[in-house]
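Reviewing the structure listed below.
Every number in this text was worked out from the coordinates using simple rules, so none of it is lab data. This structure is a prediction, so every number in the text was calculated from the model and none was measured. Reconstructed Cβ throughout: ideal geometry from the backbone, glycine too, with neighbour counts over all protein chains shown.
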Amino acid sequence: MIQSVRRAASILRELGAGQPRLGITELADRLGLAKATVYGLIRALEEDELVERDAETGKYRLGPALLQLGNAFLDGHELRARSLLWADSLATRTSEAVRVGVPNRWNILIVHHVFRPDNSVQILEVGAAIPWHASALGKATAAYRDEAGIGELLAGPLPRLTGRTIVEPAELRSALESIRHEGHAVEDQEAVIGEAELAAPVIDHDGHAVGAIGVVGPVERLLPDGKVREDVLAAVKEVARGLSRDLGGVRRFANHR
Amino acid sequence: MGRVTQLDGGFVLRWMREMAGDIHDQRDFLTQLDAAIGDADHGINMDRGFAAALAKLEAEPDGPPGDLLETVGTTLVLSVGGAAGPLYGSAIRQMGRALDGAKTFDAETLLILLRAGLEEVQRLGAAQVGDKTIVDALTPAIEAYERGLRSGDDLVGATSRAHAAAEEGMRATIPLQARKGRASYLGARSAGHQDPGATSTTILFDSLQRAAAWEAGP
């Protein structure tokens with residue numbers, strides 16, 4: 001039973017991993033399973049609309065029920081729900097894009113994204129998983145973990161996303177210390193060349209960082225001449241404090257600073 | 001067709017004229033490629049940047065080739081947003097610096113310049129071939145250029161090989177999943193789309209090839 005669930009999950013992951021449509025044989029080859037096994041699982045998944053069959057090619061792709069589940073995940077997320085208005089006002093105030101992220105193993109998972117309010121074409125990053133050490137949201141959240149948690153993160157994968165990504169554990173550790181000291185994190189083209197992010201942690205009633213909120217945009221606007229835009233940073237920290245207060249964490253948050 | 005021996009500032013100017021023209025013509029296509037996995041601004045940004053760079057060169061076209069390349073690079077860094085400005089701008093600026101004030105250069109020196117550009121791109125982006133970036137077109141193009149020179153090609157032959165190799169590298173990005181840039185953390189969305197950066201790099205080599213053919217004459 002447990003094995004079937006695992007195998008069904010691996011089918012869904014495979015369909016979500018790049019090639020959007022796969023046939024039974026392709027899936028069986030990729031997962032090292034018998035075709036009959038894959039067929040049985042696929043039929044069950046199809047009945048629940050977790051996958052669907054492309055009428056033209058006969059191949060399978062992810063199904064519409066997954067979108068509903070994804071939305072239900074987001075709707076049920078307390079930090080996301082509480083951040084909607086704060087994020088809007090932060091985007092308006094700073095004229096930049098705003099993202100809210102929560103820790104998810106080695107990544108920061110984007111649960112909310114407000115576009116830069118300039119009518120330009122932008123791509124929705126909700127659902128994106130950014131390596132924690134390459135993101136201001138990730139670093140801001142990690143800095144407020146306990147020693148064991150930080151140790152675990154530093155011992156995990158630290159991929160280099162650009163030439164500026166910090167990948168040395170010792171260097172990251174000292175960066176996290178200054179973030180705790182200053183109450184905010186800065187990212188300078190460590191995930192994407194040309195982009196910077198300023199973020200502050202959101203602290204809940206237990207004093208844990210449940211996530212972070214930040215402003216992301218062109219490096220020349222957020223870090224002009226290499227210096228942090230103080231007005232944007234002040235707005236980010238104010239909003240993060242407001243969100244923390246909503247979650248009942250303001251007193252602890254104040255103690256952390 | 002004569003064999004090209006020495007290249008000067010006029011060659012850089014023609015290369016950039018070809019490039020600015022091609023990028024302008026391909027602007028919508030580049031933007032369309034970028035819309036699948038980026039901010040849909042690659043074509044617009046590159047068009048604006050190369051037009052601005054060319055305008056600067058046309059205003060002061062008489063300097064040594066290295067100075068002209070540095071002017072182009074600096075203008076791109078300042079006027080192109082996103083990752084493209086810093087990457088192309090810094091790479092072309094490094095190419096200019098590598099010339100160190102020389103009044104002319106030859107096909108062998110062009111190889112050194114191209115390598116200096118690639119090195120700069122990799123220093124900034126830490127990308128390898130297969131990461132679905134500019135490097136996927138740039139690396140095979142430089143290798144093909146070198147192979148051309150070693151097997152006795154002149155500038156025209158070697159740059160045309162380089163263009164063909166860039167194009168091949170560009171097409172090879174289609175099935176790949178990006179491992180660098182914004183597309184890398186947007187999950188599987190990048191697979192099935194040609195990389196816009198590898199595409200604009202191919203345009204750069206196409207324009208280089210035509211500038212070389214122009215040098216050689218009819």
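Starting from the Cα gyration tensor of the range B:53-135, take the square roots of the eigenvalues, sort them a ≥ b ≥ c, and report rounded, prolate or oblate (rounded when a/c is under 1.5, otherwise prolate if a/b is larger than b/c, else oblate). Taking the square roots of the gyration eigenvalues as a ≥ b ≥ c, the range B:53-135 is oblate.
If you run the Gaussian network model on chain A, springs between alpha carbon atoms under 10 Å, then out of A:240, A:36, A:72 the most flexible one is A:36.
Taking the charge dipole of the protein assembly as shown about its Cα centre, with +1 at Lys and Arg Cβ atoms and -1 at Asp and Glu Cβ atoms, the residue from A:128, B:89, A:1 reaching farthest to the positive side is A:1. Derived value for the range B:8-80: Kirkwood hydrodynamic radius 12.4 Å. Basis is the mean of 1/r over every pair of different alpha-carbon atoms. Peptide B:119-127: average number of partner chain Cβ atoms within 10 Å per residue? Mean partner-chain Cβ count within 10 Å for B:119-127: 4. Expressed in Å, the radius of gyration and Dmax of the Cα atoms of the range B:93-161 are 12.7, 37. Couplings 3J(HN,Hα) for the range A:90-97, derived from phi with the Karplus relation 6.51 cos²θ - 1.76 cosθ + 1.60 (θ = phi - 60°), are 5, 5, 5, 5, 9, 6, 10, 6 Hz, where x marks Gly and Pro.
Taking 0.36 nm per residue of sequence separation and removing the Cα-Cα distance, the residue A:147/residue A:54 pair yields an extension gain of 28.6 nm. Computed from the C-beta positions of residue A:178 and residue B:8 and an R0 of 51 Å, the FRET efficiency is 0.50 to the nearest 0.05. Given their separation in residues at 0.36 nm each and the Cα-Cα distance between them, residue A:168 and residue A:81 gain 27.8 nm when the chain is fully extended. For the protein assembly as shown, the Kirkwood estimate of hydrodynamic radius, built from reciprocal distances between every pair of different alpha carbons, is 24.3 Å.
A straight line joining the Cα centroids of the range A:107-186 and the range B:1-60 runs 35 Å.
Ordering B:197-208, B:104-115 by mean Cβ neighbour count within 10 Å, with the highest value first, yields B:197-208, B:104-115. Our summary gives the range A:36-90 a relative contact order of 20 percent, counting only alpha carbon pairs under 8 angstrom and 6 or more residues apart.
Rounded to the nearest 20, the Cβ-based charge dipole of chain B about its Cα centre (Lys and Arg +1, Asp and Glu -1) stands at 480 debye.
The dipole here belongs to chain A: it is taken about the Cα centre, uses +1 on the Cβ of Lys and Arg and -1 on the Cβ of Asp and Glu, and is about 340 debye. Scanning residues 5 or more positions from residue B:191 or on other chains, those with amide H under 5 Å from its amide H are B:178, with H placed 1.01 Å from N in the peptide plane. Scanning residues 5 or more positions from residue A:211 or on other chains, those with amide H under 5 Å from its amide H are A:202, with H placed 1.01 Å from N in the peptide plane. Neighbouring Cβ atoms from other chains, within 10 Å of the Cβ of residues in A:35-48, number 0 on average. Between the helical axis of B:196-216 and the longest alpha-carbon principal axis of chain B there is an angle of about 20 degrees.
Rg and Dmax, both from the Cα atoms of the range A:1-119 and both in Å, are 18.7, 57.
Couplings 3J(HN,Hα) of the range A:102-111, computed from phi: 10, x, 8, 6, 8, 10, 10, 9, 7, 9 Hz, in residue order, whole Hz [Karplus 6.51 cos²θ - 1.76 cosθ + 1.60, θ = phi - 60°; x for Gly and Pro].
Extending 7 Å from Cα along the Cβ direction at residue B:112 and again at residue B:168 yields two label points whose distance is 2.8 nm. Check which residues have an amide H placed less than 5 Å from residue A:196's amide H, if you skip close sequence neighbours. Amide H neighbours of residue A:196: A:189, A:217, A:219.
Geometric descriptor of the range B:141-218, per residue, is 79 Å³ (volume of the convex hull of the Cα atoms).
Peptide B:31-39 shows a mean partner chain C-beta count of 2 within 10 Å per residue C-beta.
Of all lysines in the structure, those lying under 22 Å Cα to Cα from residue B:103, and not within fewer than 8 positions of it along the same chain, are B:56. Based on Cα contacts under 8 Å between residues 6+ apart, chain B shows a relative contact order of 24 percent.
Put in line by how crowded their Cβ is, counting other Cβ atoms within 10 Å and starting with the fewest, A:135, A:244, A:120 read A:120, A:244, A:135.
The string of couplings for the range B:16-22 from the Karplus curve (6.51, -1.76, 1.60, θ = phi - 60°) is 6, 5, 4, 5, 4, x, 5 Hz, one whole number per residue in order, with x for Gly and Pro. The magnitude of the dipole of the range A:1-73, with charges of +1 and -1 set on the Cβ of Lys/Arg and Asp/Glu and taken from the Cα centre, is near 260 debye.
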